[in-house]
Amino acid sequence: MKQAVKTDLFASKAPLEWAIIANGTLSTAQIPIDAEGKVVEGGIEAQARQTMENFKHTIEAAGLTMDAVTQVLIYVTDRDQLPVFNKVYAEYFQPPYPNRAAMIVAGLAREEMLCEIVAYAAVEEQ
């Protein structure tokens, strides 16, 4: 049985939920959009920060903390963006860090997007 996590993030017209909990795991994907659904301007640092803020909001909306995050998959559109994303990312976690992978991709769903993350977190059974 899966359950959607209610967030205050922009309500996408696409057929998706910002996060789902099933089998003791929260699954989420986050992008650099603001409350109006617009991709933030300001380059990779601004987009990484918005993505991570959306992610943190989602984790907290599920009643979890960032310590519950077990894996993060990072997507950026240029290798040079990764050190900047890493700098922002490091502000949101403390050891032990989640397992993670980073991929350089040709593009994302919206042309102006420079990054996206997919993540998983452990949910305590109640």
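A short reminder: the numbers here are calculations on the coordinates, not readings from a lab. Because the structure is predicted, anything quoted here is derived from the model rather than measured. Backbone-built Cβ (ideal geometry, glycine too); neighbour counts: all protein chains shown.
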> Fully extended, how many nm does the chain gain between D34 and M103 (0.36 nm per residue separation, minus their Cα-Cα distance)?
Replying inline: 22.5 nm
> So what is the calculated 222 nm ellipticity per residue for the chain, using -39500 (n - 2.57) for each DSSP H run with n of 4 or more, over all residues, to the nearest 500 deg cm²/dmol?
Replying inline: -7000 deg cm²/dmol
> When the chain is fully extended, how far beyond the present Cα-Cα distance does N23 get from E91, taking 0.36 nm per residue of separation?
Replying inline: 21.6 nm
> To the nearest 20 debye, what charge dipole does the stretch 1-73 have about its Cα centre, counting +1 at the Cβ of each Lys and Arg and -1 at the Cβ of each Asp and Glu?
Replying inline: 260 debye
> Using r as the Cβ-Cβ distance of D8 and R79, and R0 as 41 Å, what FRET efficiency do you calculate, to the nearest 0.05?
Replying inline: 0.80
>> How big is the dipole moment of the chain about its Cα centre under a simple scheme where the beta carbon of each Lys and Arg is +1, that of each Asp and Glu is -1, and everything else is neutral? Debye, nearest 20, please.
In response: 240 debye
> In terms of the Cα gyration tensor, with a ≥ b ≥ c the square roots of its eigenvalues, is the chain rounded because a/c is under 1.5, prolate because a/b exceeds b/c, or oblate?
Replying inline: oblate
